[in-house]
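Asks: First the structure, then my questions, so here it is.
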Amino acid sequence: MIASLVAITALCLHVAGVFAATHAVMHTRTAQGAFAWVLGLVLLPYVTLVPYLFLGASHFGGYVDLHRQRQARFFMLHEEALHRGRLGLLAHAAPVRDARYDAVGRMLQTAMHGGNALFLHVDGEAAFAAMFAAIGRAERYVLVQFFIIHDDVLGRRLRDALLERAAAGVEVCLLYDSIGSHALDDGYVDRLRAGGVLVRRFATRRWRNRFQLNFRNHRKVLVVDGIRGFVGGLNAGDEYLGKKPPLAPWRDTHMEIEGPAVADLQRVFAEDWYWVTGQRPPSSPPPERCGRAATMIVATGPADRQESCSLFFTQAIQAATKRVWITTPYFVPDQAVFGALRLAVFRGVDVRILMPCRPDHRTVFMASTLYAHEATLAGIRMFRYRQGFLHQKVMLVDDDTAVVGSMNLDNRSFRLNFEIAALNVDEAFAASVEAMLEDDFANSDEVNPNDYRRLSYLRRVALHVARLFDPIL
């Protein structure tokens, strides 16, 4: 009887595995990912069926429709602004053209805006001091979005700052990711709501989001009164201030924008907020001109028709004629990005990648180690930051372009997460980013191809096995 029950259970699991494998063939975004899932689901359904429930979904409906409707409407308004700019009626509102990044703008149906003032904030103390100061000056509304919020010292400082503004009559909207902030205590949220703050969790699938680890909203955005915006790699938790060993000190970067580009930060937040609430958050026109920098807000995600994050990196790398310096906590590039990096080397471009020397996710760290070795063989200079955990997501292209945002060089950012970055064309801002990265490289050790050869055979096998998990890292 028991043997029969086991046999029936095994048969049912294998049948379910075949159906799940068919689903994977039809919907997984890459051939490599589909092959990996099919192999596991058909041969080992006892092991892979549950992970596939969490990690296998590759599309969703309602958010995609909303996203594409917004893009179509923005494209219409963008064309109208261009037309009026040519007529001289709204010349100040016309987008800035930069041939190197036009393809990115057309892909995302967004634009580059001139007249922005940019401020670089190195590490958490400086960034959160600026953000709390901006929140404290808010007069009309505050829009806040983080992937992770913790109920710790920094998280409570954020809570109290938002409650203070809400008590002053300012409209406050807070959006956090339901998986990234899964440990956030209900009491934290209840206190915010009781104080008048509008708080919601982001979820692409409302009815089964707790079983869905893909499609996380990894964006970090703050907008105050439509005048000032912040974007970068920091979340709201004590570890982002370097207060939690063993990863302390924590190395990260955020930036502040004043000017027309803040409108696009608002638009990205509004799209996510509308999906969750069915309502539009407050908004207002940004200042026409606060500085001289040109900025394009690059918002990517799995709702895009193209693999927009990967293509964005590819285009930015291809635009380089002098250098490409990239800092990322996870170096697991796809073939398009890795190919663009190698071709840049052959063009004589100074290509450098800065990674952490301490792991926060061991499998990703092992896969990154193998990719770093292969990159050195292609002439890419790889560095490991030794002064704590490096979490910043920054790219410097030539002498005038700097990107700061939430995007990692891994499959999750390329295809599965909602990400955001500011692409800035301004020599002064790029010079400040260059100085910051020069300090980072000075506190790093360069990877040598012989480092891999010195590893034991079993250790090298482990690195190759870790890389097999590329599609879900």
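Bear in mind that the values in this text are calculations on the coordinates, not laboratory data. If you're wondering where the values come from, they're calculated on a predicted model, not measured in any experiment. Neighbour counts run over all protein chains shown; Cβ positions are idealised from the backbone, glycine included.
Asks: Could you pull out the residue among Phe269, Phe230, Phe215 that is buried (at least 20 other Cβ atoms within 10 Å of the Cβ), touching a residue at least 60 places away in the same chain (Cβ under 8 Å) and touching a Pro at 6+ places or on another chain (Cβ under 6 Å)?
Replies: Unique residue meeting the criteria: Phe215.
Asks: Can you confirm whether Ala402 is surrounded by fewer than 24 Cβ atoms within 10 Å (Cβ to Cβ) and free of Cβ contacts under 8 Å to residues at least 40 places away in the same chain? I'd like the intermediate steps shown before the answer.
Replies: Values: surrounded by fewer than 24 Cβ atoms within 10 Å (Cβ to Cβ): no; free of Cβ contacts under 8 Å to residues at least 40 places away in the same chain: yes.
No: the conditions fail for Ala402.
Asks: Right, here's the next one. Which residues, counting only those in region 461-473, are in contact with a Lys or Arg (Cβ under 9 Å, 6 or more places away or on another chain) and assigned to a helix (DSSP H, G or I)?
Replies: Selection gives Ala466, Pro471, Ile472.
Asks: Under the condition of being in contact with a helix residue (DSSP H, G or I) (Cβ under 9 Å, 6 or more places away or on another chain) and part of a strand (DSSP E or B), which residue from region 115-140 is surrounded by the fewest Cβ atoms within 10 Å (Cβ to Cβ)?
Replies: Out of the qualifying residues, it is Phe119.
Asks: Step by step: first the residues of region 94-108, then only those that are of a type in the set (A, V, I, L, M, F, W, C) and in a loop (DSSP other than H, G, I, E, B), then the one that is surrounded by the most Cβ atoms within 10 Å (Cβ to Cβ). Which residue is that?
Replies: Residue satisfying both the conditions and the ranking: Ala94.
Asks: Please specify each residue of region 442-454 satisfying the condition of being within 18 Å of Ser368 (Cα to Cα) and either within 26 Å of the chain's Cα centre (by Cα) or surrounded by fewer than 16 Cβ atoms within 10 Å (Cβ to Cβ) (or both).
Replies: Ser444, Asp445, Glu446, Val447, Asn448, Pro449, Asn450, Arg453, Arg454
Asks: Among the residues of region 146-166, is any part of a strand (DSSP E or B), out of contact with any Ser or Thr (no Cβ under 9 Å at 6 or more places or on another chain) and not aromatic (Phe, Trp, Tyr)?
Replies: If we filter region 146-166 for residues that are part of a strand (DSSP E or B), which is where we start, we get 146, 149.
Restricting the remaining residues to those that are out of contact with any Ser or Thr (no Cβ under 9 Å at 6 or more places or on another chain) gives none.
Scanning region 146-166, I find no residue that is part of a strand (DSSP E or B), out of contact with any Ser or Thr (no Cβ under 9 Å at 6 or more places or on another chain) and not aromatic (Phe, Trp, Tyr), so the answer is no.
Asks: Residue check: is Cys309 crowded, with 18+ Cβ neighbours inside 10 Å and assigned to a loop (DSSP other than H, G, I, E, B)? Walk me through it before giving the result.
Replies: On the way: crowded, with 18+ Cβ neighbours inside 10 Å: yes; assigned to a loop (DSSP other than H, G, I, E, B): no.
Spelling it out, it is not the case that Cys309 is crowded, with 18+ Cβ neighbours inside 10 Å and assigned to a loop (DSSP other than H, G, I, E, B).
Asks: Can you give me the ranges of the strands (runs of 3 or more DSSP E) entirely in region 388-454 with at least 3 residues that are touching a Lys or Arg at 6+ places or on another chain (Cβ under 9 Å)?
Replies: 401-405, 419-425, 444-446
Asks: Considering each residue of region 307-360, count those that are closer than 30 Å to Pro249 by Cβ and not aromatic (Phe, Trp, Tyr), and give that number.
Replies: Residues in region 307-360 being closer than 30 Å to Pro249 by Cβ and not aromatic (Phe, Trp, Tyr): 24 in total.
Asks: Can you tell me which residue in region 166-181 is nearest to Tyr141 (Cα to Cα), limited to those that are buried (at least 20 other Cβ atoms within 10 Å of the Cβ) and in contact (Cβ under 8 Å) with a residue 40 or more places away in the chain?
Replies: Cys173
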